[in-house]
1. Identify, from the list R182, R155, the residue that is open to solvent by 60 Å² or more (accessible area, probe 1.4 Å), within 13 Å of Y212 (Cβ to Cβ) and at pLDDT 95 or above.
2. Against the definition (in a helix (DSSP H, G or I), within 16 Å of ligand 2 (Cβ to nearest atom), in contact (Cβ under 8 Å) with a residue 60 or more places away in the chain and buried (at least 23 other Cβ atoms within 10 Å of the Cβ)), how does G254 come out, yes or no?
3. How many residues, within the range 376-406, are open to solvent by 40 Å² or more (accessible area, probe 1.4 Å) and hydrophobic (A, V, I, L, M, F, W, C)?
4. Scan the range 425-435 and give yes if some residue there is assigned to a helix (DSSP H, G or I), closer than 30 Å to P75 by Cβ, aliphatic (A, V, I, L, M) and modelled with pLDDT of 95 or more, otherwise no.
5. Among residues belonging to the range 110-141 that are more than 16 Å from ligand 2 (Cβ to nearest atom) and under 19 Å from the mean Cα position of the chain (by Cα), point out the one that is surrounded by the fewest Cβ atoms within 10 Å (Cβ to Cβ).
6. With the condition kept exactly as written, say whether any residue in the range 225-242 is open to solvent by less than 30 Å² (accessible area, probe 1.4 Å), in contact with a strand residue (DSSP E or B) (Cβ under 6 Å, 6 or more places away or on another chain) and among the charged types (D, E, K, R).
7. From the list V307, V319, which residue is more than 23 Å from the chain's Cα centre (by Cα) and farther than 25 Å from F229 by Cβ?
8. Checking D154 against (1) touching a helix residue (DSSP H, G or I) at 6+ places or on another chain (Cβ under 7 Å); (2) in a loop (DSSP other than H, G, I, E, B), which test does it fail?
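The values are calculated or read from the model by the stated rules, or taken from the named source; none is laboratory data. Note that the coordinates shown come from a computational prediction; the quantities given were computed from them, not determined experimentally. We place every Cβ from the backbone using ideal geometry, glycine too, and count neighbours over all the protein chains shown. Surface areas here come from the heavy atoms of the whole protein model, side chains and all, with no ligands, DNA or RNA. Shrake-Rupley method; radii C 1.70, N 1.55, O 1.52, S 1.80 Å.
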Amino acid sequence: MMTGAEYIESLRRLKPELHFMGQRVESVVDHPAMRPHVNSAAATYDLATNPETAELGSAVSHLTGRRINRWTHIPQDREDLVKKVKMLRAVGQVTGTCFQRCVGMDGFISTYSVTFEMDRKHGTDYHERFKRFLVETQDADLMTAGAMTDPKGDRSKRPGEQHDPDLFVRVVERRPDGVVIRGCKLHQTGAVNSHQFLVMPGQGLVESERDYAIVCAVPVDAPGVIMVFGRQVNDSRKWEGKVDQGNPTYGVVGGEAMVIFEDVFVPNARIFMNGETDFAGLLVDRFASYHRQNYGACKSGNLDVLVGATASLAEMHGVLKAGHVRDKLAEMGHLVETMYGGALACSHECTNLGCGTAFVDPLQANVSKLNVGRYYPEVTRLAQDIAGGFIATLPSEQDLESPRVGDYIRKYYQTQEDVPAEARIKLGRLVENMTGSTPIVECMHGAGSPQAQKVVIQRQLDWGARMKMARRVAKVGGKGNP
Ligand code: SF4
Ligand code: FE
């Protein structure tokens with residue numbers, strides 16, 4: 001296993017084609033826009049290698065018996081799923097933001113079981129191939145970006161009906177030794193600081209869409225892979241200083257990128273689905289359940305940090321004991337623990353798939369993610385309510401350094417004798433950073449938009465059974481007649 005520092009060094013050996021704000025980026029590790037996200041992902045390596053947290057951050061590979069980072073592990077039982085949840089909350093509390101490595105983890109977990117089932121039906125050998133790739137990834141302790149979200153073009157049309165067939169990643173050439181893929185994946189969390197991609201379809205497919213049914217692994221610096229790092233609200237603060245960032249070490253959200261596949265060759269050993277359209281929807285559903293399991297965990301860890309920042313500011317302002325503040329803080333705590341409870345519930349209610357992998361309860365997982373999309377913004381609203389308006393009007397850190405006005409800023413932003421203004425400003429910036437639009441949009445749409453969870457909930461609930469229950473209790477016969 002690699003430590004965080006070794007992971008960071010390993011990124012220096014890669015040479016991806018990466019663009020940001022009109023420039024080519026030579027080193028993701030040394031670029032101030034990306035370094036905080038690199039640090040955040042490094043926390044997943046430190047959790048596994050620090051003896052105090054290794055029990056949570058690492059696992060024993062069911063394939064090799066060797067100790068591996070838990071972000072490369074396939075959960076075998078309920079305990080593994082619960083540990084996954086606890087691990088995400090623990091790292092969420094350290095970083096206060098996304099640590100990016102879970103999309104690849106969930107891609108691996110889902111591909112493992114789907115390749116097993118695909119081989120049983122179609123007589124293919126994807127599962128053995130995938131197992132070899134998995135062991136290599138486990139032993140080298142690689143970070144994988146799960147690449148699922150296609151641009152999708154006109155949402156009323158299927159992949160094959162778009163005005164441009166590349167709006168979904170597809171195979172454009174089949175060769176004896178592999179395939180050539182073309183297209184793009186958007187919003188790719190952790191892409192720029194991963195070692196490799198696991199490319200997957202983003203939705204269910206029909207038979208005529210064979211070229212879109214492709215699952216494969218691609219190194220981030222394979223010829224033809226082009227990445228464009230996305231902008232975030234207030235991102236220029238990352239290279240302006242340390243105070244105004246709010247979270248200078250780990251940044252905000254995942255550092256997402258656009259990933260373009262400009263006719264990329266993928267050898268056979270790295271192909272895990274190639275034309276089996278009947279398994280694309282299953283893979284997407286399974287991935288979604290595992291990733292929705294996570295959100296109640298990583299986001300509750302992040303929000304623990306926000307609750308702490310809010311309570312600290314209330315204390316600095318002398319209002320921590322005010323009844324309405326305590327009530328709102330309790331409300332924040334209630335929402336956070338409800339989110340976490342959902343992540344634990346779907347893990348506890350797991351079943352085992354044919355290949356032995358433990359599978360979360362999809363209904364509970366989707367309910368949990370829907371709660372996150374609703375409760376995260378509500379927790380941020382309460383944080384802003386308690387923190388006060390100063391988080392939106394603070395002068396810059398450059399003015400704090402000014403010989404003319406710096407001391408005035410310190411003087412007038414000081415609330416209590418023993419509270420330095422800088423401490424209040426830094427916490428205020430952290431609240432501003434964590435309650436801004438970027439994290440709220442991310443928790444809404446990451447792991448699928450709210451409507452996607454409602455579709456699963458609608459599908460999973462037994463409506464007929466519920467109607468029968470009501471009729472029996474009300475002593476009403478069939479179709480509402482007494
Ligand atoms: Fe992991 Fe959460 Fe980030 Fe998804 S949003 S990659 S689950 S930390
Ligand atoms: Fe996410």
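1. Exactly one of R182, R155 is open to solvent by 60 Å² or more (accessible area, probe 1.4 Å), within 13 Å of Y212 (Cβ to Cβ) and at pLDDT 95 or above, namely R182.
2. no
3. 2
4. The answer is yes, given that some residue of the range 425-435 is assigned to a helix (DSSP H, G or I), closer than 30 Å to P75 by Cβ, aliphatic (A, V, I, L, M) and modelled with pLDDT of 95 or more.
5. In this case the residue turns out to be D141.
6. no
7. Every option except V319 fails the conditions.
8. The failed condition is (1).
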